[in-house]
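Here it is, the structure in full.
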Ligand code: IVH
């Protein structure tokens, strides 16, 4: 048992260390201690406090989540009202100039007089709180409320790691620090991911949040501190409430900028972008710089704030109604807007993915007019329960595709008969009518039309023409685009009907290129079964699976008619591949494409099914090394595998034969050492011909 004094001394030292490291980690983003070490210190302090409960002070790092579940929020009257700022609705540079002009006029500055100094900050999109510290210890946190009376949210605010429970350094008897509680975008995404999991697990009371602001507001107004703690919040300090005068021990700051530095010294994060500016021109430059950075910031902002820097000038400027004349919020185009859903359509992407898309009453959001917004997939569309006629929140941030964030609660609350039907994904592709399937474990439906589907045509043709497929030289994306758009190619066989005259008649097509393409098409007709199979672009059928299939079945018809069970017998073919093949060849039009291609003259050598072919080398293991006189390594490997042998990469006691060519190295030494039979290419060919 530690003595009281020892325990008190150790607890104080631990508290100091923990505060310092938490600040380094959460505020300065420059941790010095591995998490596990921090946890050890934390647990040591917890243990001490358990042994000596009187050491458990309210500002102890262990006391961020301590309180009971509340019944409701107590009201708090603000000692200094929490004002709001005037919003400059002119989002062009003119907005900044207008503010500067107003300030100059109010201050009676001549046109050629000195520039006014400002502080430029970000306008964080969260909710404002007032944090009251007495003797440096956080005693109360309150929301803004109506500006006069807010709600006591001390308990949930204590869980915000970026808010110090005790101010660092010298603290005045009383100070109220104001700022914005917000949620970072990555924290928001992770929170929603957890929420979705809870909902999927059947927890009815859980919901997904529409945006970081709402999630932050929900977390702050959370009555259960444990839940609040599980919703990661962040904080930026930007303003002041009540504060002891310098005579009473308060800091002597003459400018907003000095206050921000003081907040930082006390342990609060302040915006890294915060900057001093002189005159309208520098305000405009700040607005434009931040506009470019906006989408890359880890949190949402809806504008910037300009504040007259000098507190003396702020006093002279004073207020109009409830807004200071010395500050203004200069906005950016909103990234979220409300609009009505006119319809829900399903679009087919170039890979066959079906995406539900909401058709919207045109709305200006994120700087452009939006009429379409993605609903991502069937699950998302149903989870958000978007119906025709609903009023929805549309979001467009940066260059990201606009999305429907959610339905406005009032709209969702209308009786079912006043709303459109629940969204269901069509079971047929809206473009080509082929079956649309959703594979197990996948969120997306896909059109099985493949080459037949106009939406997938360009992609399908490019794949077919690729070097490792039919290898049609000169058939690149620009040309395919042109051919498909001109309706010259509807399905793959149309490729082989393109004549010189048609091709030469295309825009930007020289006679020479047209001739070359005709030749390339002709040359591609003589191909191999694996190339052809791969070229069809069947989902999940890559080059090597195509080879395995060709080897196993020998003939295309055998593959087209194989059952899933038969397909599963092939090397490396699993249920996903088997199903995909089956689905593809079950579509009559896909078979037709194959027939037509054959009719166009495409041909390849067919072989015997491997299963029935003799396997004279079954059970034997070969290793190949060095350069063989005529066969490439891959050819030798191919031949051996067809004969049933296993081809390994290194020599061991299990190796039956080492096939050695010129410049064989360490493998040969190893084989000789182990007494493995060494043969040359001639002997290999003989074995392949006549068996062992
Ligand atoms: S200063 C008297 N600075 O915007 C000035 N506000 O209506 C008081 N906000 O309620 C506010 N970032 O929630 C200020 N850098 C910033 C801000 C900011 C966000 C919010 C705050 C306030 C509202 C203004």
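The values are calculated or read from the model by the stated rules, or taken from the named source; none is laboratory data. Just so we're clear, the structure is a prediction, and the values are computed from it rather than from any experiment. Glycine gets a Cβ as well: all are built from the backbone with ideal geometry, and neighbour counts include every protein chain shown.
Just need a number here: residues in segment 69-80 that are within 16 Å of the ligand (Cβ to nearest atom) and in contact with a helix residue (DSSP H, G or I) (Cβ under 7 Å, 6 or more places away or on another chain).
Total meeting the criteria: 0.
Across segment 221-237, which residue is surrounded by the most Cβ atoms within 10 Å (Cβ to Cβ) among those that are touching a helix residue (DSSP H, G or I) at 6+ places or on another chain (Cβ under 7 Å) and either at pLDDT 95 or above or not in a helix (DSSP H, G or I) (or both)?
Of the residues in segment 221-237, the ones touching a helix residue (DSSP H, G or I) at 6+ places or on another chain (Cβ under 7 Å) are 222, 225, 228, 231-233, 237.
Checking which are either at pLDDT 95 or above or not in a helix (DSSP H, G or I) (or both) leaves us with 222, 231-233, 237.
Numbers: 222: 20, 231: 22, 232: 19, 233: 25, 237: 23.
Among them, the one singled out is 233.
Conditions: (1) outside any loop (DSSP other than H, G, I, E, B); (2) more than 16 Å from the ligand (Cβ to nearest atom); (3) closer than 30 Å to residue 148 by Cβ. Residue 66 meets all but one. Number of the miss?
The one condition residue 66 does not meet is (1).
Would you point out the residue of segment 199-220, among those that are touching a helix residue (DSSP H, G or I) at 6+ places or on another chain (Cβ under 7 Å) and in a helix (DSSP H, G or I), that is farthest from residue 379 (Cα to Cα)?
Within segment 199-220, the subset touching a helix residue (DSSP H, G or I) at 6+ places or on another chain (Cβ under 7 Å) is 206-209, 212, 215, 219-220.
With in a helix (DSSP H, G or I) added as a condition, the list becomes 212, 215, 219-220.
Numbers: 212: 21, 215: 21, 219: 26, 220: 29 Å.
That would be 220.
Separate question: Given the options 531, 490, name the one that is at pLDDT below 90 and either touching a helix residue (DSSP H, G or I) at 6+ places or on another chain (Cβ under 8 Å) or under 30 Å from residue 552 (Cα atoms) (or both). Quick ask: steps written out before the conclusion?
Details: 531 fails: at pLDDT below 90.
Going through 531, 490 in turn, just one is at pLDDT below 90 and either touching a helix residue (DSSP H, G or I) at 6+ places or on another chain (Cβ under 8 Å) or under 30 Å from residue 552 (Cα atoms) (or both): 490.
Now a separate question. Checking residue 280 against (1) more than 16 Å from the ligand (Cβ to nearest atom); (2) surrounded by fewer than 18 Cβ atoms within 10 Å (Cβ to Cβ): exactly one of these is not met. Which one?
(2)
I'm checking my understanding of the structure. Among residues of segment 238-261 that are without any contact (Cβ under 8 Å) to a residue 60 or more places away in the chain and either touching a strand residue (DSSP E or B) at 6+ places or on another chain (Cβ under 9 Å) or more than 22 Å from residue 312 (Cβ to Cβ) (or both), which one is surrounded by the most Cβ atoms within 10 Å (Cβ to Cβ)? Walk me through it before giving the result.
Our first condition is that a residue be without any contact (Cβ under 8 Å) to a residue 60 or more places away in the chain; within segment 238-261, this holds for 245-247, 252-254, 258-259, 261.
Pick out the ones that are also either touching a strand residue (DSSP E or B) at 6+ places or on another chain (Cβ under 9 Å) or more than 22 Å from residue 312 (Cβ to Cβ) (or both) and you get 253-254, 259.
Working: 253: 17, 254: 11, 259: 22.
Of everything passing the filter in segment 238-261, 259 is surrounded by the most Cβ atoms within 10 Å (Cβ to Cβ).
Quick one: in segment 107-119, of everything that is within 25 Å of residue 241 (Cα to Cα) and more than 16 Å from the ligand (Cβ to nearest atom), which residue is surrounded by the fewest Cβ atoms within 10 Å (Cβ to Cβ)? Give the steps one after another, and end with the answer.
Pass one, segment 107-119, residues within 25 Å of residue 241 (Cα to Cα): 107, 116-119.
If we keep only those that are more than 16 Å from the ligand (Cβ to nearest atom) as well, we get 107, 116-117.
Values: 107: 15, 116: 22, 117: 17.
Here the answer is 107.
If you go through segment 81-92 one residue at a time, do you hit one that is away from the ligand (no atom under 15 Å from the Cβ), free of Cβ contacts under 8 Å to residues at least 40 places away in the same chain and over 23 Å from residue 130 (Cβ atoms)? Steps first, answer last, please.
Going through segment 81-92, the residues away from the ligand (no atom under 15 Å from the Cβ) turn out to be 90-92.
Then drop every residue that is not free of Cβ contacts under 8 Å to residues at least 40 places away in the same chain, which leaves 90, 92.
Subsequent filtering for residues that are over 23 Å from residue 130 (Cβ atoms) retains 90, 92.
Yes, that holds for at least one residue.
Among the residues of segment 120-138, is there at least one that is more than 16 Å from the ligand (Cβ to nearest atom), touching a residue at least 24 places away in the same chain (Cβ under 8 Å), under 22 Å from residue 324 (Cα atoms) and surrounded by fewer than 19 Cβ atoms within 10 Å (Cβ to Cβ)?
No; the residues of segment 120-138 include none that is more than 16 Å from the ligand (Cβ to nearest atom), touching a residue at least 24 places away in the same chain (Cβ under 8 Å), under 22 Å from residue 324 (Cα atoms) and surrounded by fewer than 19 Cβ atoms within 10 Å (Cβ to Cβ).
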